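The values are calculated or read from the model by the stated rules, or taken from the named source; none is laboratory data. Predicted model only: the values in this text are computed from it and were never measured. Using ideal geometry, Cβ is built from the backbone for each residue, glycine included, and neighbour counts are taken over all protein chains shown. Protein only, heavy atoms only, side chains kept; ligands, DNA and RNA dropped before computing areas. Shrake-Rupley method; radii C 1.70, N 1.55, O 1.52, S 1.80 Å.
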Amino acid sequence: MQLHKITLAIATVAASVLACTGTHEASAGNAAPDRSADSAGAIVQTAPVGVASASAVPTKPARAAADTDSVAARPRVVAAGHHPTPPVLDSLIKGTLPVRGLYVFRFAANTRRLKHLIGIADSTEVNALIIDVKDEFGLNYNSSDPMVKKNAGTQVKAPNLGALVDTIRAHGILPVARIVVFKDSVTARNNPDHTIRKADGTAWHDKKGQTWVNPYANAIWEYNFRVAEEAIKLGFGEIQFDYIRFPEPYKSLPPQVFPEQNGRAKPQVLAEFLSAARARFAKMGVRTTADIFGLVTTVGGTLEVGQKWEPIAQSVDVVLPMVYPSHYPPGSFQLPHPNAAPYDVIHIAISRARERDEKMGITGDHVRPWLQAFSIGNPKYGPHELEEQKRGVYDAGYDGWVLWEPGSRYDKFLPALEKTFVSRKKVPPVPRPANRLD
């Protein structure tokens, strides 16, 4: 599909793609969040993390029989490097074992709900839980950093998150910290000097009346870096940034003005943020990953929200495109109803991501797509649709994936989950249809 066709399709179906404040929010209604660079300017490229061969992939050990109902009584560990780290978890943290994970939204991060999700991971191929540490409504833990605490927000916090993370680790499961970055209404409210502006200098608001923090503001970078560092000290083994993007510049809204821009294009500053984060957290032994719109894998140019594949791909250890079939406009990849073709959508979109990575010399499990574990329209998604999406990932040459369900309810998809982790990626990958992107 040519770029101009995709751009037109985006405009005509904005309600289901970029018109939502984020792709994740489109699937969640009011229950959940999103994800999202022009020419990149000077981007720092570092060597990608490789992945072990199938024969070297460790299997899950017998996990500790830790009772998550009693973890609140355990002492909270806050010093980095003093958390349970079974061998399989060490492989996940280092990136030598691909991640297959489940999203855990803010209100599921409690002992009772987490016990069930840990049980799913213990009994299936799932080996990671992606937990909201900071979403667009503020923090999900009690910070000890004064700069961070002032932006905590009023939402309920997960009690004793450090103990919960240690329990997850003791089971050989990778705890991933999801941190929403630039759509942050709490921080925008508390830091009015660091918001996106209108030409007259007043605060810019999106279609929902919300203000966004300014991606060019160094103070906003530092705040998010500190949140991530606290998450690492709590025991999280990976930092996953979400809302790595600008708000949609609708023509019906005033133009966006960015203090501290200094001539830098949107994709350049997003890549600079991610590169700085990656260098900082690598010193703490943790990888940096980023969620982006699914369309970024196949659109050659830059989305209006600032996302472009090459700058972002070179700036993180893993890219997580949200390739939900329900979010692709009719006619994408010459498919009249993409939602009804989960294998084709995933295979084409992720194959194109691999091709673009290979041109930059990036190999290994550098792409870990978000898969659709929810329903929008027909067909309703269940085990078969999930199996087809997984098959698309494996045929594209990758082993890892994560599931998005806004309420973290995955029981209906359990029949599609294998009992143990087995490498399924095809080597060499199955070629995508050559004409589907023309």
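Contact annotation: residue pairs with Cβ atoms under 9 Å, 6 or more positions apart or on different chains, pairing a residue in segment 222-236 that is farther than 17 Å from A282 by Cβ with a partner that is open to solvent by 10 Å² or more (accessible area, probe 1.4 Å) and part of a helix (DSSP H, G or I), are E222/M147; Y223/M147; Y223/H194; G235/R169. Scoring F333 on the criteria (1) among the aromatic types (F, W, Y); (2) open to solvent by 20 Å² or more (accessible area, probe 1.4 Å); (3) at positive phi leaves a single failure, condition (2).
Every residue, every condition in (1) outside any loop (DSSP other than H, G, I, E, B); (2) open to solvent by 50 Å² or more (accessible area, probe 1.4 Å); (3) within 30 Å of V323 (Cα to Cα), yes or no:
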residue	(1), (2), (3)
H205	no, yes, yes
I239	yes, no, yes
R245	no, no, yes
R264	no, no, yes
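Say whether the condition of being of a type in the set (F, W, Y) and either modelled with pLDDT under 95 or open to solvent by 60 Å² or more (accessible area, probe 1.4 Å) (or both) is met by at least one residue in segment 85-104. The answer is no; no qualifying residue exists. Evaluating M284 against the criteria (1) buried (at least 17 other Cβ atoms within 10 Å of the Cβ); (2) touching a helix residue (DSSP H, G or I) at 6+ places or on another chain (Cβ under 7 Å); (3) farther than 30 Å from G392 by Cα; (4) not hydroxyl-bearing (S, T, Y) leaves one unmet condition, (1).
Condition check for K157 on (1) part of a helix (DSSP H, G or I); (2) modelled with pLDDT under 95; (3) of a type outside the set (F, W, Y): one failure, at (1).
Here I346 does not qualify as surrounded by 23 or more Cβ atoms within 10 Å (Cβ to Cβ) and closer than 23 Å to I196 by Cβ. In segment 413-438, the residues that are over 14 Å from L386 (Cβ atoms) reach residues that are assigned to a loop (DSSP other than H, G, I, E, B) and acidic (D, E) with C-beta atoms within less than 7 angstrom, at least six apart or across chains, in these pairs: T420/E125; F421/E125; S423/D399; K425/D399. Looking across segment 140-196 at every residue that is of a type in the set (D, E) and surrounded by 20 or more Cβ atoms within 10 Å (Cβ to Cβ), the one that is farthest from Y223 (Cα to Cα) is identified as D166. Scanning segment 252-283 for residues that are among the aromatic types (F, W, Y) and either more than 21 Å from the chain's Cα centre (by Cα) or modelled with pLDDT under 95 (or both) yields a single hit, F258.
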